[in-house]
Amino acid sequence: MTDTTVASLPKDEVPAAAVLLADRQRQFRDIWPDAAASFEDPARCLPLLQALFGEGDAFGAWNGSDLVGFVIGSSSDRWGVIPAAGHAVAGGGIDAAEVYGFLYSELVERWVTGGVLVHDVELPAVPDIEDAWNDLGFGRRVCIASRSTERLPNDPDPEADDLMLRLADDGDLPSIARLAAMEVEFRAGPPLYLEGGPPDLDQLRETHAELFRTGAIHFVAEIENDIVGVLTLLRESRFEPICAERAPFVSTTVTDPRHRRRRIGRMLVRIAADWARERGHRQMDVSFQVASPTLRSFWSKSGFGPIGWKVARRLPSSLLGADVSGNLVEGEVA
């Protein structure tokens with residue numbers, strides 16, 4: 001593709017980028033039919049891209065006069081993010097790895113010049129797209145996963161008379177915050193070591209109070225009037241256009257360590273799926289850190305399979321202040 005050129009994406013090419021994104025969605029839905037069908041229409045993609053274009057750095061790749069790929073990313077402090085809707089490459093024999101490489105070369109130079117060394121990209125689970133970003137030094141950080149809301153053969157029923165599963169109300173906020181703090185502590189330990197500092201109970205209580213106010217559903221597991229597990233279900237996914245439109249999205253999910261190995265978490269997933277199915281939803285989604293064998297095992301056994309990824313790349317701090325013009329620097333996976 002020696003005639004491929006890469007430059008800043010002008011505003012009048014955003015409609016052409018919408019066509020590429022719609023084509024990518026059609027390719028994705030050939031693999032995952034329950035993904036959002038409306039994004040196969042460029043008119044549906046266009047406002048999403050226009051919003052991204054106004055907030056970030058945008059580059060396009062052209063083969064002659066035809067736009068064959070684009071990336072749109074935004075950055076703050078040391079983080080740069082390319083959302084799921086912020087990139088696509090044309091089909092029809094176009095080498096996705098090559099075009100993404102050209103595009104990322106331009107974007108990474110701008111980000112490094114601005115001190116942005118940690119880069120995050122959201123991908124649909126399409127092999128050519130995954131391979132292209134893997135070849136650029138990105139590794140999987142978060143799995144975006146989905147399951148049917150139909151009852152699965154291995155969905156557990158409550159095993160003991162002392163366990164009650166129910167919808168929570170705002171009177172349960174202290175217990176929900178206490179459990180959410182346990183989740184924060186888990187994510188701060190090995191092998192994740194996620195940033196964020198020690199849990200703040202007041203902040204967690206306010207966060208979940210706001211979730212109640214905005215329509216999120218909390219399911220809790222209770223033993224002898226003690227809440228020992230919680231699952232929070234948001235009304236919509238955080239990942240457009242990977243997840244189905246208006247599919248419920250699982251957020252905070254945690255069981256008190258004193259009561260683990262009783263499948264309480266999986267029972268909470270089951271009643272959340274029942275609740276979603278009864279309201280006409282065919283699937284529900286979640287995201288989790290792939291570095292944790294515990295999280296991978298739990299969500300897999302709960303019926304969730306990958307439909308997308310967040311992949312990341314961390315560049316060395318020695319690049320700060322260096323002249324990186326024209327160079328694509330080898331980095332370690334974040």
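For the stretch 85-162, the normalised intensity computed at q = 0.18, 0.24 Å⁻¹ comes to -0.84, -1.24 (log10 of I(q)/I(0), Debye sum over alpha carbons, equal scatterers, no solvent).
What Kirkwood Rh does the stretch 141-191 have if only Cα atoms enter the pairwise 1/r average? Answer in Å. Kindly include the intermediate steps, with their values, before the conclusion.
Working: mean 1/r = 0.0675 Å⁻¹.
Taking the inverse mean of 1/r over all distinct Cα pairs, the stretch 141-191 comes out at 14.8 Å.
The simple Förster model, with R0 at 35 Å and r as the Cβ-Cβ distance, assigns R246 and F186 a FRET efficiency of 0.75. Remark on the stretch 8-118: Rg and Dmax equal 13.8, 40 Å (Cα only).
Rounded to the nearest 5, what % of DSSP beta bridges with both residues in the chain are antiparallel?
On the way: 57 of 63 bridges.
The answer is about 90 percent antiparallel.
On the basis of the beta-carbon distance and an R0 of 22 Å, D3 and N134 show a calculated FRET efficiency of 0.25.
Report the residues of the stretch 94-125 in range of a label on V19: point 7 Å along Cα→C-beta, backbone N strictly under 17 Å from it. Hits in the stretch 94-125 for V19 at 17 Å: 94. Per the Kirkwood formula applied to alpha carbons, the chain shows a radius of gyration over Rh ratio, Rg over Rh, of 1.01.
State the Kirkwood hydrodynamic radius of the stretch 152-290 in Å, one decimal place, computed from all pairs of distinct Cα atoms.
On the way: mean 1/r = 0.0638 Å⁻¹.
Across the stretch 152-290, the inverse of the average 1/r is 15.7 Å.
Count Lys and Arg as plus one, Asp and Glu as minus one, and take only other residues whose Cβ is under 9 Å from that of R282; the net charge is then -1.
Among DSSP beta bridges whose residues both lie in the stretch 1-133, state the antiparallel percentage, nearest 5. Show your work: numbers first, answer last.
Details: 18 of 22 bridges.
Bridges in the stretch 1-133 that DSSP calls antiparallel: roughly 80 percent.
Convex hull volume of the Cα atoms in the stretch 108-230, per residue, in Å³?
In the stretch 108-230, the Cα hull volume divided by residue count equals 200 Å³.
Taking all protein chains together, T255, T5, T113 sort by accessible area into T113, T5, T255, largest first [probe 1.4 Å]. Given their separation in residues at 0.36 nm each and the Cα-Cα distance between them, Q27 and S76 gain 14.5 nm when the chain is fully extended.
The values are calculated or read from the model by the stated rules, or taken from the named source; none is laboratory data. Computed from a prediction, not measured in an experiment: that's the story for all the values here. Cβ atoms come from the backbone with ideal geometry, glycine included; neighbour counts cover every protein chain shown. Areas reflect the complete protein model, heavy atoms only, side chains present, ligands, DNA and RNA absent. Shrake-Rupley method; radii C 1.70, N 1.55, O 1.52, S 1.80 Å.
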